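Enquirer: Have a look at this one before I ask anything.
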Amino acid sequence: MHSFAIRKQTTTTEYDAQVTLMDQGVVIVLGGGQTHIGAIVWAEPRKSLRNQGGMSATSSVINRLGHLDEFPLRKNAEMLAIALNQPVVVTGGVHIDGLSAEGIEAVLNDCREFFEEMLATIIKEKKFDIVQE
């Protein structure tokens with residue numbers, strides 16, 4: 001296994017992640033704002049049911065009661081699983097008091113960008129069999 005930390009400062013908050021690369025799979029612990037465990041997402045890559053020859057992902061989510069952390073974590077875990085052709089587990093949470101609808105949208109965008117940066121770093125750190133689209 002190989003682990004590394006990555007951080008992103010945005011206008012909304014600071015995000016931190018601990019990424020562990022295993023022989024088969026990636027585990028990410030992510031936090032932003034008031035860090036906590038709000039959800040656990042398991043994303044598994046698979047052949048697409050709609051796009052012949054393409055890839056998709058199936059995911060399972062465990063949400064902590066009253067938490068909405070699935071929204072910034074699920075699609076990003078699926079994106080990593082597809083891009084890396086590896087199972088991905090993401091856990092953690094982002095909490096910032098008093099966000100408006102625009103603030104929530106900013107958090108979702110920040111997380112998407114952060115996961116894209118993680119993907120680039122993961123590709124540099126370990127050579128998985130990357131799926132070509």
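The values are calculated or read from the model by the stated rules, or taken from the named source; none is laboratory data. Just so it is clear, the structure is predicted and the values come from calculations on it, not from any experiment. Every residue, glycine as well, gets a Cβ built from its backbone with ideal geometry; the counts of neighbours run over all protein chains shown.
Enquirer: Take Ser56 and tell me if it is modelled with pLDDT under 95 and in contact with a Pro (Cβ under 8 Å, 6 or more places away or on another chain).
Expert: yes
Enquirer: Looking only at region 13-40, which residues are over 15 Å from Val88 (Cβ atoms), surrounded by 19 or more Cβ atoms within 10 Å (Cβ to Cβ) and β-branched (Val, Ile, Thr)?
Expert: Thr13
Enquirer: Could you tell me whether region 41-51 includes any residue that is under 23 Å from Leu99 (Cα atoms), over 11 Å from the mean Cα position of the chain (by Cα) and surrounded by fewer than 14 Cβ atoms within 10 Å (Cβ to Cβ)?
Expert: Looking through region 41-51, none of the residues is under 23 Å from Leu99 (Cα atoms), over 11 Å from the mean Cα position of the chain (by Cα) and surrounded by fewer than 14 Cβ atoms within 10 Å (Cβ to Cβ).
Enquirer: Just one of the numbered conditions (1) at pLDDT 95 or above; (2) surrounded by fewer than 17 Cβ atoms within 10 Å (Cβ to Cβ) is not true of Asn76; which one?
Expert: Only one criterion is unmet by Asn76, namely (2).
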